[in-house]
Amino acid sequence: MSGDGTTAGDDPLQTAVWRLRSRACWADAAALLPRDTAGATLQRAALLVERCLYTERGWAEAEDALRTAEALAHTDEERGAAACERGQLAYTATLHGVRDRADEARAALGRAAALIPPAAPGRALLDFRRGLIAENLTRAPQAARAAYRRAHAGAAAHADPLLLSFTWRHLAGLALRDGELTEARHGFAESLRIREELGYLVGTAPALASLADAESEPEASRLREEARRLFRLLGGVPTWLARQLSPPAPGVATA
């Protein structure tokens, strides 16, 4: 998740990149971007890192794109953004069981924190990713909640609705874990609303499935069926939703 939002004004290139990205066509979106400027190579790397998270493939291409972005980064913010993507790729590889790169992820995000100013737009994304590590690798929900809240405030301050959809969802997930159903439903519903408004199709099925976990029947089943429809439409992306959304086989009892 790059946190770039939808489009940059009415820029036709960014509009095309967003439309492809939101429909799980990360490689096609990345191919539209030039490879000779720091900003474009950073965006290209972010797209290919995001593809790894959603599809569990494309690792070599993401690594190559990151090396290019790191080589072209000249300012502290550019170096920090590249380190943030490096940390996200290492986190994703660890999360999906490709290879344990947790130490690399923490070190890269630590470098990013030293380079990205506290009030810079990229700081919110960095805070969010530090929350992911705290929640899913360190298993420290309180630290994760604090990081997500910082990210949420930063995303609101810098008008980044896509990142807000992620912070809403992860804060709601922690609330659900604590049995706070009302808070969880609100957060999941806000995440879904934002993604539908943005047209972020690849992120809509996860949002539907998350909201279903906080709802009672028959609404939960309706939401999961809609999530399955979108999941199939996008060819089984994101891959990690497969087990959650697969209906039980006929004749198989479930607990």
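The values are calculated or read from the model by the stated rules, or taken from the named source; none is laboratory data. Note that the structure is a prediction, hence the values are computed from the model and not measured. Positions of Cβ are generated from backbone atoms using ideal geometry, with glycine treated the same way; all protein chains shown enter the neighbour counts. Note: areas computed on protein heavy atoms with side chains; ligands, DNA, RNA excluded. Shrake-Rupley method; radii C 1.70, N 1.55, O 1.52, S 1.80 Å.
Residue pairs whose Cβ atoms lie under 7 Å apart, separated by 6 or more positions or on different chains, with the first residue in segment 40-52 and touching a residue at least 40 places away in the same chain (Cβ under 8 Å) and among the acidic types (Asp, Glu) and the second surrounded by 24 or more Cβ atoms within 10 Å (Cβ to Cβ) and in a helix (DSSP H, G or I), are Glu50/Trp26.
Considering only segment 49-65, state which residues are part of a loop (DSSP other than H, G, I, E, B) and either open to solvent by 20 Å² or more (accessible area, probe 1.4 Å) or among the polar types (S, T, N, Q) (or both).
Here is the first cut: in segment 49-65, the ones part of a loop (DSSP other than H, G, I, E, B) are 56-58.
Passing the criteria: Glu56, Arg57.
Regarding segment 126-135, can at least one residue be identified that is open to solvent by 50 Å² or more (accessible area, probe 1.4 Å), without any contact (Cβ under 8 Å) to a residue 40 or more places away in the chain and acidic (Asp, Glu)? Taking every residue of segment 126-135 in turn, none turns out to be open to solvent by 50 Å² or more (accessible area, probe 1.4 Å), without any contact (Cβ under 8 Å) to a residue 40 or more places away in the chain and acidic (Asp, Glu).
Grab the helices (runs of 4 or more DSSP H) fully contained in segment 150-255, keeping just those with 3 or more residues being open to solvent by less than 20 Å² (accessible area, probe 1.4 Å) and closer than 29 Å to Ala113 by Cα.
Values: elements: 161-177, 181-198, 204-214, 219-233, 242-245.
So the answer is 161-177, 181-198.
Listed by first and then second residue, the pairs with beta-carbon distance under 7 Å, at least 6 apart or on different chains, first residue in segment 172-191 and farther than 15 Å from Arg149 by Cα, second acidic (Asp, Glu), are Leu176/Asp213; Arg185/Glu215.
When we screen Gly39, Gly80, Gly58 for residues that are within 19 Å of the chain's Cα centre (by Cα) and closer than 18 Å to Arg123 by Cβ, the only hit is Gly80. Applying the set (1) open to solvent by 50 Å² or more (accessible area, probe 1.4 Å); (2) of a type in the set (Asp, Glu); (3) at pLDDT 95 or above to Asp11 leaves exactly one unmet item: (3).
Of all the residues that make up segment 76-109, how many are outside any helix (DSSP H, G or I) and either in contact with a Leu (Cβ under 7 Å, 6 or more places away or on another chain) or open to solvent by 70 Å² or more (accessible area, probe 1.4 Å) (or both)?
3
Which of the following residues is farther than 26 Å from Thr204 by Cβ and in contact with a Phe, Trp or Tyr (Cβ under 8 Å, 6 or more places away or on another chain): Ala114, Ala102, Ala69, Ala93?
On the way: Ala114 fails: in contact with a Phe, Trp or Tyr (Cβ under 8 Å, 6 or more places away or on another chain); Ala69 fails: in contact with a Phe, Trp or Tyr (Cβ under 8 Å, 6 or more places away or on another chain); Ala93 fails: farther than 26 Å from Thr204 by Cβ.
After applying the criteria, what remains is Ala102.
Output the residues belonging to segment 134-189 that are among the β-branched types (Val, Ile, Thr) and in contact with a Gly (Cβ under 9 Å, 6 or more places away or on another chain). Reasoning before the result, please.
Narrowing segment 134-189 to residues among the β-branched types (Val, Ile, Thr): 138, 167, 182.
Passing the criteria: only Thr167.
Condition first: outside any helix (DSSP H, G or I) and farther than 26 Å from Trp168 by Cβ. Now tell me which residues in segment 110-129 satisfy that. Reasoning before the result, please.
Initial filter on segment 110-129 (outside any helix (DSSP H, G or I)): 116-121.
Listed by number, the list is empty, since nothing qualifies.
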